Amino acid sequence: MTTDSQHRLRVGDEYEVAIQDLTHDGRGTGRPLSQDDLGKTLLVSRCAPGDHLRVRVGKISRNKIFAEPLQVITAGPDRIEPPCIHWTEGCGGCSWQQLSYTAQLHAKAEIVKSSLKDLKGFGDLNIDPIVPADPTWFYRNKMEFTFNALGGLGLHLPGNWRSVIPITDCRLESNLAMRIVTTVRAFTENHQISTWNPDSGGGLLHELMIRHGQAGKETMVAFITSSGSFPEANALASKITQLDESIVAVLHGARASNQRGSQVSSTKLLAGRKAIIEQVGGLRFNIGLETFFQTNSMQAERMLEIVAREVRIKRTSSPISNLVLDVFCGIGFFALGLAEYAETVIGIDIIEASTIAARENAELNRVKNALFYTGDARHALPPILEQHGRPDIVVLDPPRSGAGGKVMRRLARAAPQRIVYVSCNPVTLASDLRELEPLGYKLTRVQPIDLFPQTHHVETIATADRLEETPAMLATGPIDIT
Ligand SMILES: C[S@@+](CC[C@H](N)C(=O)[O-])C[C@H]1O[C@@H](n2cnc3c(N)ncnc32)[C@H](O)[C@@H]1O
């Protein structure tokens, strides 16, 4: 038996391990079978609890060892045969497809529970059973495929933009999406259009984005490139529109910098119109190239129903609130869905294209009591609260990085009866909720919901209620929100 002090860990070392739990980043914790302790947490990707695996160490950090499975020695009880034909190539799209869906749901509920368990007062709170997704494949309404000088067009390996798998089949979006990918790949190869080179940063084509409304049945195709000229764009667009009559928008988005991942700075319409319409919860949404929209429309509808339930059954007075605030509102998904339960609903988002689209969506749905402000929530909240007064309910749906302490404290000091937090990251959810505890709020309900089957991602709707309605807090007039 070797211990860490006797054995120097190296990248490339191989171990036989037993997989225990799944962590919030989707990896499993492994216990080496042949030794007591490696001195660090061993994290194994693409595994299932109860598996006995042969793994190879790929990376070592200060506290962690990251390993890839080489061979399944004995399968755990929840391991199933992954259905995707690109699984063995290491495609980064669906890293939990080796787990039965029941096991995925169980693991996601555990991830939410363990992330929140240290919150004060959490001990007496039960987490509601996770809402499963249906369907569990072909559920995405948006995918981005990567161009790469070395690998053509497809999906890249997890965390590795250099290695692109030129996929021919994918069970995440739609069969039409795969036909578009195949057509674009053939066109760009035939016309020898340059693709992004990870070493030089040169090359024109970065990504192909396909948005396909699940209920709206409209499709958008966008080529994201560096700032160079793209003379073949119109010919490619006309080839694409011939594929299916649902393709109503073809766009070219160019980045000012050659950095992959940077903002698109100019957009050109190549065919059709600049946005598609998707329908969720009886509402219609215009979705453009740059604006955020929930990527699983069917589950987004269930999520909206849950948030609406939390808004309707607030603790006091009528089911109609005076003021509902939707912070991080995007194109108005929650704000417009909740407008019928409020005298006024206000949305705030940092991206102007989103708030413009939110106003257009309000008009499209004949919603007359919604206002949208552009601004960074960290700075925009004080003047908005000053002008509109105390909100009854705040709904917030921040990006994965969370809302942050400043926003949470400002919201709590505005003293809404209830804060409904929609989170796609249980870790930042926990740290944001912790900010509310000393400011008089208690977590009263936690509802996990699965929007991303076959992946470790989990969405959570957490409700926090204000414990005491002190006269000072209820006073009308300016609110101390500094
Ligand atoms: C997870 S999306 C939610 C959007 C919307 N609630 C929905 O369901 O479609 C997060 C949104 O936060 C916005 N955002 C990011 N940082 C922000 C900030 N500091 N202040 C305001 N909005 C921000 C993004 O533009 C994005 O629209």
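The values are calculated or read from the model by the stated rules, or taken from the named source; none is laboratory data. Since this is a predicted model, take the numbers as computed values, not measurements. Backbone-built Cβ (ideal geometry, glycine too); neighbour counts: all protein chains shown.
Before we move on, is R27 charged (D, E, K, R), surrounded by 16 or more Cβ atoms within 10 Å (Cβ to Cβ), in contact with an Asp or Glu (Cβ under 9 Å, 6 or more places away or on another chain) and in the same structural domain as F66 (by TED's automatic domain parsing)?
Working: charged (D, E, K, R): yes; surrounded by 16 or more Cβ atoms within 10 Å (Cβ to Cβ): yes; in contact with an Asp or Glu (Cβ under 9 Å, 6 or more places away or on another chain): no; in the same structural domain as F66 (by TED's automatic domain parsing): yes.
The answer is no for R27.
Return the residue satisfying two criteria in turn: it lies in region 344-374 and is at pLDDT below 95 and touching an Asp or Glu at 6+ places or on another chain (Cβ under 9 Å), and of such residues it is farthest from the ligand (Cβ to nearest atom).
Among those residues, the one meeting the criterion is A353.
List pairs: first residue in region 302-331 and over 23 Å from R378 (Cα atoms), second residue at pLDDT below 75 and more than 16 Å from the ligand (Cβ to nearest atom) anywhere in the structure, Cβ distance under 6 angstrom, at least six positions apart or on different chains.
Note: pairs meeting the criteria are R312/P319.
For A377, work out the one condition from (1) more than 18 Å from G330 (Cβ to Cβ); (2) at pLDDT 95 or above; (3) within 14 Å of the ligand (Cβ to nearest atom) it doesn't fulfil.
Result: A377 fails condition (1) only.
Output the residue which, of all residues in region 392-408 that are crowded, with 17+ Cβ neighbours inside 10 Å and in a helix (DSSP H, G or I), is farthest from the ligand (Cβ to nearest atom). Break it down into steps so the answer makes sense when it comes.
Our first condition is that a residue be crowded, with 17+ Cβ neighbours inside 10 Å; within region 392-408, this holds for 392-398, 402-403, 407-408.
Those still in the list that are in a helix (DSSP H, G or I) too: 407-408.
Numbers: V407: 8, M408: 12 Å.
The residue in question is M408.
Inside region 77-104, can you point out the residues that are surrounded by fewer than 21 Cβ atoms within 10 Å (Cβ to Cβ), in contact (Cβ under 8 Å) with a residue 24 or more places away in the chain and either at positive phi or not polar (S, T, N, Q) (or both)?
Hits for region 77-104 are P77, D78, R79, P83, C84, I85, H86, E89, G90, G92, Y101, A103.
List the strands (runs of 3 or more DSSP E) inside region 259-366, counting only whole elements, that have at least 2 residues being within 21 Å of A403 (Cα to Cα).
On the way: elements: 264-272, 276-280, 283-287, 321-327, 342-349.
In region 259-366, 321-327, 342-349 are the strands (runs of 3 or more DSSP E) which contain 2 or more residues that are within 21 Å of A403 (Cα to Cα).
Tell me which of these P135 doesn't satisfy, since it passes every other one: (1) at pLDDT below 95; (2) loosely packed, with under 15 Cβ neighbours inside 10 Å; (3) closer than 24 Å to R284 by Cβ.
(1)
Only residues that are surrounded by fewer than 18 Cβ atoms within 10 Å (Cβ to Cβ) and under 14 Å from T267 (Cβ atoms): list them for region 208-232, please.
First, the residues of region 208-232 that are surrounded by fewer than 18 Cβ atoms within 10 Å (Cβ to Cβ): 215, 217, 227-229, 231-232.
S227, the sole residue that qualifies.
Hey, could you check region 409-451 for residues that are without any contact (Cβ under 8 Å) to a residue 60 or more places away in the chain and under 14 Å from I306 (Cβ atoms) and say which is nearest to the ligand (Cβ to nearest atom)?
By that ranking, first place goes to S423.
Go through (1) crowded, with 21+ Cβ neighbours inside 10 Å; (2) in contact with a helix residue (DSSP H, G or I) (Cβ under 6 Å, 6 or more places away or on another chain); (3) under 27 Å from T102 (Cα atoms) one by one and return the number of the condition V422 breaks.
The failed condition is (2).
Would you please name the residue that is farthest from N197 (Cα to Cα), looking only at residues in region 138-153 that are buried (at least 21 other Cβ atoms within 10 Å of the Cβ) and without any contact (Cβ under 8 Å) to a residue 60 or more places away in the chain?
Here the residue is L153.
Considering each of S246, S266 in turn, give the residue that is more than 22 Å from the chain's Cα centre (by Cα) and modelled with pLDDT of 95 or more. Steps first, answer last, please.
Values: S266 fails: modelled with pLDDT of 95 or more.
Checking each option against the conditions leaves just S246.
Exactly one condition in (1) within 14 Å of the ligand (Cβ to nearest atom); (2) on the phi > 0 side of the Ramachandran plot; (3) modelled with pLDDT under 95 is false for G389; which is it?
(1)
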